[in-house]
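See below for the structure under consideration.
The values are calculated or read from the model by the stated rules, or taken from the named source; none is laboratory data. Since the model is a prediction, treat every value here as computed from it, not as a measurement. All Cβ positions, glycine included, derive from the backbone under ideal geometry; neighbour counts span all protein chains shown.
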Amino acid sequence: MNTGYSKLLLILMMILSWFTVPFAGKASLKRFLPASLFMAIIVRMVNFIAKRRKWWWWYEKIHPSVSGSFPFVWGSFLIGSLWIMKFTYGNFLKYMGLNLIADLTFTYVVEPYLQKFGIASLVRMKKIQLMYVFTVLAFLLYGFQLFIERVFYKRKTN
C-alpha cells in the first residue's frame, strides 16, 4: 500500500472525528470531555506498554516522530468516547452494549484493514485479548465519569 495514502487515511480519520464535536453540544462537551481526555491518556499509556511488549505494532507514522497511533488516540478514540458517553451515560447496559459493538467493529472489521493497508497489526496479542483490553478501558471510562459526576456535580447541589 502506498505510504502517502496510509498517512492521508490516518490524518483524515482524526480530522473527521474532530469535525463531529460541535454536533455534540456544549453541555455534553463540558460534561464528558474530562473523562474522554483521561481515557485518551490511559490509551496512550497502553500503547506505550503494547509497543514494549509487542502486543501490536504501528507500521505507519504520520510524521517521523509521530506514531500512527496518534490519530486513533487523539481522534477516533477520544471523540468516540465522548459520543458514546453522550448517548449512553446513565444506562450502564446500553453503554456496555454500544461499547461492545464499537470494539467488535474495530477488532474484527477495522483492524484487518489496518493490517492490509500496512498501518498497524496485532503481533503478540489475539483479537479476543484486544477485546479484553477494550472492556477494561470501557469500565475505566464509565467509572471515571461516575467519579466526576459524584465529586463535582454533587458539590454544586449541596
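Remarks
- Answer from Leu104, Leu146 - the residue that is more than 21 Å from Met13 (Cβ to Cβ) and of a type outside the set (Val, Ile, Thr): Leu146
- Residues (in contact (Cβ under 8 Å) with a residue 24 or more places away in the chain and exposed (fewer than 13 other Cβ atoms within 10 Å of the Cβ)) located in region 41-56: Arg53, Lys54
- In the set Leu10, Leu78, only one residue is part of a helix (DSSP H, G or I) and touching a strand residue (DSSP E or B) at 6+ places or on another chain (Cβ under 7 Å); that residue is Leu10.
- Only one entry in Ala120, Ala138 is more than 25 Å from Ser6 (Cα to Cα), out of contact with any Pro (no Cβ under 8 Å at 6 or more places or on another chain), crowded, with 18+ Cβ neighbours inside 10 Å and of a type in the set (Gly, Ala, Ser), namely Ala138.
- Summed over region 36-73, the residues that are more than 23 Å from Glu149 (Cα to Cα), part of a helix (DSSP H, G or I) and among the hydrophobic types (A, V, I, L, M, F, W, C) give a count of 8.
- A Cβ distance below 7 Å, combined with a sequence gap of six or more or placement on separate chains, defines the contacts here; from region 57-70, residues that are on the phi > 0 side of the Ramachandran plot reach no residue that is of a type in the set (Phe, Trp, Tyr) and at pLDDT 90 or above.
- Selection status of Leu33, farther than 22 Å from Ala138 by Cα and either free of Cβ contacts under 8 Å to residues at least 60 places away in the same chain or not in a helix (DSSP H, G or I) (or both): no
- From Tyr153, Tyr142, Tyr95, residue being over 17 Å from the mean Cα position of the chain (by Cα) and either over 19 Å from Asn47 (Cα atoms) or at pLDDT below 95 (or both): Tyr153
- For region 93-100, the criterion of being within 19 Å of Ser6 (Cα to Cα) and not β-branched (Val, Ile, Thr) is satisfied by no residue at all.
- Region 83-99, subset within 22 Å of Trp18 (Cα to Cα) and without any contact (Cβ under 8 Å) to a residue 12 or more places away in the chain, residue surrounded by the fewest Cβ atoms within 10 Å (Cβ to Cβ): Phe87
- Scope region 46-75; condition under 17 Å from Met131 (Cα atoms) and of a type outside the set (D, E, K, R); matching residues: Val46, Asn47, Ile49, Ala50, Trp55, Trp56, Trp57, Phe72, Val73
- Test result for Phe38, more than 21 Å from Val110 (Cα to Cα), in contact (Cβ under 8 Å) with a residue 24 or more places away in the chain and in contact with a Ser or Thr (Cβ under 8 Å, 6 or more places away or on another chain): no
- Residues satisfying the stated conditions in region 112-128, i.e. assigned to a helix (DSSP H, G or I) and in contact (Cβ under 8 Å) with a residue 60 or more places away in the chain: Lys116
- Subset of region 6-34 [under 24 Å from Phe152 (Cβ atoms) and not basic (Lys, Arg)]: Val21, Pro22, Ala24, Gly25, Ala27, Ser28, Leu29, Phe32, Leu33, Pro34
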